[in-house]
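This report refers to the structure that appears directly beneath it.
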Amino acid sequence: MSRFTLPRDLYFGSGSLAELKKLNGKKAVVVTGGNSMRRNGFLQKTIDYLHEAGMETRLIEGVEPDPSVETVMQGAALMREFQPDWIVSIGGGSPIDAAKAMWIFYEHPEAEFSEVAKPFNIPALRNKARFVAIPSTSGTATEVTAFAVITDYSKGIKYPLADFEITPDVAIVDPDLAMTMPKELTAHTGMDALTHATEAYVAALHSDFSDPLALHAIKMIVDNLLLSYEGNTEARVNMHNAQCLAGMAFSNALLGIVHSMAHKTGAVFHIPHGCANAIYLPYVIDYNKKCCASRLADIPRFLGLPGNTNDELIDSYTNLIRKFNTTMNIPHSLKDYGIKEEVFLANLERISANAVEDACTGCNPRPTTTDDFKKIFTAVYYGTKIEF
């Protein structure tokens with residue numbers, strides 16, 4: 001038996017943020033990140049709509065990029081004091097991920113982070129609160145997924161929490177929020193979305209339910225990302241929907257080692273998550289084609305890219321990814337990113353061993369050992385093509 005889980009309600013389109021005033025409840029905690037949602041008026045709109053719904057509100061503001069275990073625990077403590085029946089998170093992937101983790105420890109203060117970080121080991125939620133996610137970026141799709149990424153800075157490791165329990169109850173995909181994204185963030189989140197859809201199409205649990213979502217998301221991203229990067233309004237609307245479709249696919253099909261590598265190097269080398277995915281993706285495609293070339297070739301074939309053989313088609317797709325990276329000023333290697341060789345080599349064993357333990361590694365179509373990761377990371381560092 002397999003499972004396919006999405007939020008119960010998904011509202012999309014311009015102005016859909018106003019659906020908040022239809023919620024039924026008494027108290028809501030609003031979790032957000034930096035000041036962009038406040039500066040652009042969306043945070044105040046959120047609070048006003050919740051007040052229209054008759055709810056008392058409390059604000060948790062300033063969640064950092066790559067949220068920490070400490071931030072999660074502080075937020076959960078505030079929630080236990082306030083006792084909300086709704087948790088509403090608005091912003092990028094970081095505040096929404098942090099709010100998901102706060103939700104766990106609000107309802108289960110006895111839980112240990114080390115246990116919660118084990119895949120599909122989160123205790124039952126919705127005993128105290130339900131969850132609304134409102135993304136402001138077009139990439140992470142955490143508003144529809146069973147995942148959250150939390151960083152333990154004492155260990156230098158990002159932990160992907162994975163369990164259908166943390167799939168939001170309500171997702172509001174309002175493109176108005178994404179119109180204010182700067183170009184670099186548009187690039188990184190867009191390539192994150194492309195990685196989600198690509199990995200979902202070949203991941204261990206791909207199915208007839210996830211495949212159409214993944215392929216359509218890839219097509220929408222390829223058609224719209226560069227236009228969105230230049231600020232085209234229609235393309236930004238399309239990207240906001242496309243990243244959500246990619247999230248629906250990967251939340252159920254799962255991911256692969258592009259994400260394992262990004263999780264385990266983000267905290268060590270301080271590479272933004274979407275940027276890391278963009279760098280790693282073409283290398284991992286070349287690594288995975290040893291076991292699923294025919295399936296990978298479905299993607300460029302669906303896009304109408306040139307090629308007569310599977311290898312030619314796959315090369316067309318990786319060339320397209322690299323072209324996107326070049327156009328959007330994303331480096332092609334870790335060395336080009338600016339990581340010093342001695343720093344990379346000093347951490348190679350550590351990041352490779354940690355990547356093996358990442359929750360996404362077991363879903364990758366090709367088994368990957370520590371030695372394999374060392375070879376892949378080395379190829380990515382120097383920018384050499386993977387042929388093993």
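The values are calculated or read from the model by the stated rules, or taken from the named source; none is laboratory data. The structure displayed is predicted, hence computed values, not measured ones. Because the Cβ atoms are built from the backbone with ideal geometry, glycine has one as well, and the counts that use them run over all protein chains shown.
Things to note:
- If the condition is being closer than 16 Å to ASP223 by Cβ and not in a helix (DSSP H, G or I), then segment 300-329 contributes GLY304, LEU305, MET328.
- A search for C-beta distances below 9 Å between a residue of segment 69-83 that is in the same structural domain as LYS27 (by TED's automatic domain parsing) and any residue that is polar (S, T, N, Q), counting only pairs 6+ apart in sequence or on different chains, returns VAL69/THR151; VAL69/SER154.
- Residues of segment 333-388 that are closer than 15 Å to LEU281 by Cβ and aromatic (Phe, Trp, Tyr): TYR337, PHE377.
- Residues in segment 268-282 that are among the aliphatic types (A, V, I, L, M) and either surrounded by 24 or more Cβ atoms within 10 Å (Cβ to Cβ) or touching an Asp or Glu at 6+ places or on another chain (Cβ under 9 Å) (or both): ALA276, ALA278, ILE279, LEU281.
- Matching residues, segment 9-36, being part of a loop (DSSP other than H, G, I, E, B) and touching a Pro at 6+ places or on another chain (Cβ under 9 Å): GLY13, SER14, GLY25, LYS26, THR32, GLY33, GLY34
- Restricted to segment 125-194, the set of strands (runs of 3 or more DSSP E) holding at least 3 residues that are within 26 Å of GLY256 (Cβ to Cβ) and modelled with pLDDT under 95 comprises 147-152, 157-162.
- Lone unmet requirement of (1) in contact with a strand residue (DSSP E or B) (Cβ under 7 Å, 6 or more places away or on another chain); (2) closer than 28 Å to ARG295 by Cα for HIS188: (1)
- Residue check, ASN364 more than 21 Å from HIS206 (Cβ to Cβ) and modelled with pLDDT of 95 or more: no
- Residue-level analysis places LEU296 among those that are in a helix (DSSP H, G or I) and either in contact with a Leu (Cβ under 9 Å, 6 or more places away or on another chain) or among the aliphatic types (A, V, I, L, M) (or both).
- Cβ pairs under 7 Å, 6+ apart, first in segment 365-388 and touching a residue at least 40 places away in the same chain (Cβ under 8 Å) and under 13 Å from VAL258 (Cβ atoms), second among the charged types (D, E, K, R) and surrounded by fewer than 19 Cβ atoms within 10 Å (Cβ to Cβ): ARG366/LYS290
- Pairs with Cβ under 8 Å, 6+ apart, first in segment 118-132 and in the same structural domain as MET102 (by TED's automatic domain parsing), second at pLDDT 95 or above and basic (Lys, Arg): PHE131/LYS100
- Criterion violated by ASP66 - all others in (1) among the acidic types (Asp, Glu); (2) modelled with pLDDT of 95 or more; (3) under 18 Å from the mean Cα position of the chain (by Cα); (4) more than 20 Å from ALA178 (Cβ to Cβ) satisfied: (2)
- Residue within segment 323-331 that is closer than 26 Å to PRO160 by Cβ, surrounded by 13 or more Cβ atoms within 10 Å (Cβ to Cβ), in contact with a Gly (Cβ under 9 Å, 6 or more places away or on another chain) and of a type in the set (S, T, N, Q) present: no
- Every pair of residues 6+ apart whose Cβ atoms lie under 6 Å, when the first sits in segment 140-159 and is closer than 15 Å to GLU357 by Cβ and assigned by TED's automatic domain parsing to the domain that holds ALA355 while the second is outside any loop (DSSP other than H, G, I, E, B) and modelled with pLDDT of 90 or more: none
- The condition of being surrounded by 24 or more Cβ atoms within 10 Å (Cβ to Cβ) and outside the structural domain of ASP169 (by TED's automatic domain parsing) holds for only one of LEU205, LEU215, LEU254, LEU227, that being LEU254.
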